[in-house]
Amino acid sequence: MVDFFSQIINGLAIGNVYALLAIGFALVFGVANLINFAQGSLFMLGGYLTFTGVSYLGLPLLPAALLGILLTTGIGVALDWACLRPIQRGPRIAPLLATLALAVIIDSTAELVWSPNTQGFPNPMADQAWTVGNAFISAVDLLILATGIVCIVSLTLFLKYTWTGRALRATAMDPEAAQQMGVNVAAMRTLTFGLAGLLGGIGGVLIGLYYQSIWPTMGIPFGLKGFTAALLGGISSIPGAIAGGLLLGIFESLTSGYLGSLYRNMVAYSLLLLVLFFRPQGLFGARGLDALGGAQAAAGMVPSTSLMASAFSPVTSRIYTLAGWPALAVLVLAVLYPFVADRTWEHIGTLAAIFSLLAVSLTVVAGSAGQISVGHAALFGVGAYTAALLGVACDLPIELLLVAAGTMGAIAAIACGVVAVRLSGHVIVMATLASGLILHSVFLSWIDVTRGPMGVRGIPPPSVGLLGGFSITDNAGHYWLSLAVLALALFLTGRLLQSNVGRTWRAIREDRLAAVAAGVPAVRYLLMAFAVSGFLAGAAGALYAHLLAFIAPGDFFILASFIVLTMVVLGGLGNLTGAVFGAVLLIVLTEVLREFGEFRMVAYGLVLLLAIMFRPNGLLGSK
Amino acid sequence: MPPTRPTVTDARLVVDRVSKRFGGVAAVDQLSVSVAPGELMAVVGPNGAGKSTLFQLINGVIRADNGTIRLNGHTLTGRAPEAIAALGVGRTFQTSRVFPALSVWDSVRVGQTVSLIGGTPSRRRFDPVTEIAAALLRPGGLKRRERALDEQAEATLKLFGDRLWPRRHDRADSLSYANRRRLEIARALVDRPSLLLLDEPTAGMNPTETNELADLIARLHAEHGEMSIILVEHKLDVVRNLASHVLVMDRGGRLAEGSPDDVLADPRVVEAYLGRRADGSAGAEQTT
Ligand SMILES: Nc1ncnc2c1ncn2[C@@H]1O[C@H](COP(=O)(O)OP(=O)(O)OP(=O)(O)O)[C@@H](O)[C@H]1O
Ligand SMILES: [Mg+2]
């Protein structure tokens, strides 16, 4: 029997950790005006550094934890100094992508250093618990509650009563005014990132104690929940963040108590989407996060909704594209490629074509329409599962499977898009991330259909209806099939981007407020962008499933989304030639660096980070 | 002689006891005003009087707390900005909002969305799927319609002499400040709105440019007899030359209303508004 009271205590304990993370988000959002994806990674580091202090240096838990938290604080400050400050004047998308890249770099470095496996976290209080009436209260719960309350109270007192705290709040409200009043805004920024690192580190230690284990990707779910808590509270308010954290903790604890812990994450992510959909300003907040930038934008405070624009100077670059005859010449060369490539390189060529298609799909929605999606691999997965399951169940030509997979991809994309199109800039990223995670957990847990973590095996080779049901079994055949689909997709997408539809997408990206004032139904056009993008991603998924003959949920996790995003940014957002170029480059690079396989994700993260810092418009220029 | 005020039935725009508060500030407070077809009304008033907020309320970027706004008999309050634009409201923004990375040509073509795909009050010509299919296949009917729109866009750009047309392939963010304002006006004008809202169109322009734009507005007013224009303007000589009717706002409400000569001589107006500009440099002040 689940006891209500113990669930509440438990929820309050976990909620305290969410509140700490949420405060980190809120502080950074207020002062630096960005959503810090690396917040979850700092949290993970807090846990791991403490673990290292205990297990490798033989320190007792308390000093190890203090050392770990201190280091995390320092890393938080260092990240800002080294990576975020230099791009402050760049396009508005730069800090967002940079923190995303940092998160990937930190998480995958942690996997390299401490192994991808879950590690036991020392907990001297593991067995101490009491029963009060029916309720079960553990020492860890009490410790978390106490630590959380001490942190929150001292932070609140600090912000409220010290000069520095007041200066920090002033900076968060209006950096320019604060600067004029003599506040050292740069120092406040450092302090903010330090505090965010500190709170993240403390949270990591507490969660380590709570679960008695830590794992390198733990930053993703906890980061997202911290963000959910911050959002519930209105994202820029500290009391709101605390209330949001506690509410989320209790809610989650009750659902996992009464429905089963399988649903814990799904419920939390769905709650995030619901809040984003119905009350993007949070339960308590009033600050406009809505897509038009609210009244603020109308009053001229937000000069452009384009993420590629900078608040400081126009961002322009030379744009390289291939079209017409040169494009046809490249296509001919690509068709001839299997005659010079061996079987391995034919396979790599096929992967490059499939990922090019996926990159084209992402560049439509993220580049042309300006809606950065980090849940894209899930749409790819929807297509792959559709084609795989249909292909296993009945004997259908690949053309039909491509259309079916594309259609399902489009439907899933519209479902994700419905939430995203009401939001602006950085918040869209969180919404698409949550949708991607929800779809991923559907792949994982809808075992009757997807066969869960086992994956779908024995997907038959594609049979081409146009060639009288010819069945493709060799690598060159797969390559030509993927190339044909890619070429067709490029031709059609290129035409679409040049039409009124593409122009309207770019207008919405550049200034959504001006676009709607000019009569553009922005939501309709954005959903069209999501649908087109989802269709292409779904088709790419179908090719992928039939190429590998085996798919599993792991193929469609966030990291895959991140890789595609890197390809697109590297090539130049909104530039079809760039998308293909970025995809081919990254796939070939992966192959060349095969021996360093484990470093792959770190390398992708670095590629993205460097691209943002030094060529935010990508190698071929964004359009 | 001031024109007789339109009654509620024959007015183009009727603003009826509309209010909007921002926290403690009543930006627009129980304001009522109406505009006749083909009328050019100027709205003046000190900084913070609520002039821009009135525009945001008319075009639906901000929702009114209470009161109603009607255009040609359609209720605007509660509709989305794109639906209001489709009903015939074109506007510019005080801090000019152009599409930075779009070319001048594309920016103006975006202003024709309603003509191309339809919308309130007519039905849409395309559902999303046919629109994508049409964009890919470009059937003859669509080509013809686009050609007509191209001509319309060209004519609109050429209204501005050689300011915009020769630069039609340039990015909007490469334009000068004055040209961005012109581009915004072109975008608002190109789909032939029945009500054009211009929020300080001459701000930041030198006297020559100001006169040129004032001449253009006068020409538009004369040529498009049916189009009503509301002009927010701090430069009072521009107001005197262009407007047949002036609304003076202060603290969200109506301070005075009437013909330019009467209103601008009203002692209350002089005190609330001109008093701060007694140095005579009417309109030299830049507002932000
Ligand atoms: N988005 C907003 N949030 C809060 N207050 C606002 C907002 N927009 C306008 N206000 C306030 O409403 C009042 C009216 O502002 P509005 O911009 O309409 O004035 P205005 O007459 O256009 O002035 P100006 O001549 O400076 O353009 C001002 O006090 C302003 O501070
Ligand atoms: Mg104004």
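Here are a few things to note about the model shown:
- Net charge of the neighbourhood of A:Arg524, taken over other residues with C-beta under 11 Å away and scored Lys/Arg +1, Asp/Glu -1, is -2.
- Listed residue pairs exceeding 28 Å between alpha carbons, taken from A:Lys623/B:Lys51; A:Lys623/B:Lys143; B:Lys158/B:Lys235: A:Lys623/B:Lys51
- Base-10 log of normalised Debye intensity for segment B:30-134 (one unit scatterer per alpha-carbon) at q = 0.09, 0.12 Å⁻¹: -0.30, -0.53
- Solvent exposure ordering (accessible area, 1.4 Å, most first) of A:Trp81, A:Trp130: A:Trp81, A:Trp130
- Rounded to the nearest 10 Å², the accessible area of B:Asp215 at probe 1.4 Å: 100
- Total buried accessible area between A and B, probe 1.4 Å, nearest 100: 3200 Å².
- Per-residue shielding of B:114-120, expressed as the average number of other chain Cβ atoms within 10 Å of the residue Cβ, stands at 3.
- Quarter the surface of the alpha carbon convex hull of segment B:13-287 and you get the mean projected area, 15.0 square nanometres.
- Length available on full extension from A:Gln212 to A:Trp325: 0.36 nm per residue minus the Cα-Cα distance, which gives 34.5 nm.
- For segment A:396-544, Kirkwood radius (reciprocal of mean inverse C-alpha pair distance, Å): 17.5
- Shielding by partners - mean other protein chain Cβ count within 10 Å, residues of A:497-508: 6
- Segment A:335-391-segment B:170-238 distance, computed between alpha-carbon centres (Å): 48
- Threshold 10 Å² - residues in segment B:55-76 whose accessible area is reduced by that much or more when the chain is no longer isolated, probe 1.4 Å: B:Gln56, B:Asn59, B:Val61, B:Ile62
- Bridge type composition, segment B:13-287 - antiparallel percent by DSSP, nearest 5: 55
- DSSP-defined antiparallel bridges as percent of all bridges, the protein assembly as shown, nearest 5: 65
- Long hydrophobic helices in chain A: the complete DSSP H runs spanning 30 Å or more by Cα along their own axis with mean Kyte-Doolittle hydropathy of at least 1.0 are A:4-32, A:93-114, A:139-161, A:185-211, A:238-259, A:398-420, A:425-445, A:475-498, A:522-548.
- Cleavage-rule hits (trypsin sites (Lys or Arg not before Pro)) in segment B:52-124: DSSP loop, at most 11 neighbouring Cβ within 10 angstrom: B:Arg123
- GNM top mover of B:Val270, B:Val28, B:Val110 - chain B, alpha-carbon springs below 10 Å: B:Val270
- Convex hull per residue volume in Å³, alpha carbons only, for chain A: 150
- Using all pairs of distinct alpha-carbon atoms, the Kirkwood hydrodynamic radius of segment A:385-455 works out to 13.7 angstrom.
- For segment A:4-298, the spread of Cα coordinates along the three principal axes comes to 55, 43, 36 Å, biggest extent given first.
- Average Cα contact separation per residue, segment B:13-287, under 8 Å, 6 or more apart, as relative contact order %: 28
- Globularity index of segment A:20-156, i.e. its alpha-carbon radius of gyration over 2.2 N^0.38 Å: 1.23
- Peptides ranked, highest mean first, by Cβ atoms within 10 Å: ranges B:168-181, A:190-203: A:190-203, B:168-181
- Taken residue by residue and averaged, Cβ atoms of other chains lying within 10 Å of the Cβ of B:100-110 number 6.
- Counting only protein chain heavy atoms and rolling a 1.4 Å probe, the accessible areas of A:Val330, A:Val429 rank, largest first, as A:Val330, A:Val429.
- The three principal axes of the C-alpha atoms in segment B:51-210 carry coordinate ranges of 48, 46, 24 Å, sorted with the longest axis first.
- Of B:Asp261, B:Asp65, B:Asp162, the one that fluctuates the most in a GNM where chain B has Cα springs shorter than 10 Å: B:Asp162
- Taking the three principal axes of the alpha carbon atoms in segment A:489-623, the coordinate ranges are 54, 38, 25 Å, sorted in descending order.
The values are calculated or read from the model by the stated rules, or taken from the named source; none is laboratory data. The structure presented is a predicted model; accordingly, all values stated were derived computationally and were not measured. In this analysis, Cβ positions are derived from the backbone assuming ideal geometry, glycine residues included, and neighbour counts consider all displayed protein chains. Only protein heavy atoms, including side chains, enter the accessible area calculation; ligands, DNA and RNA are left aside. Shrake-Rupley method; radii C 1.70, N 1.55, O 1.52, S 1.80 Å.
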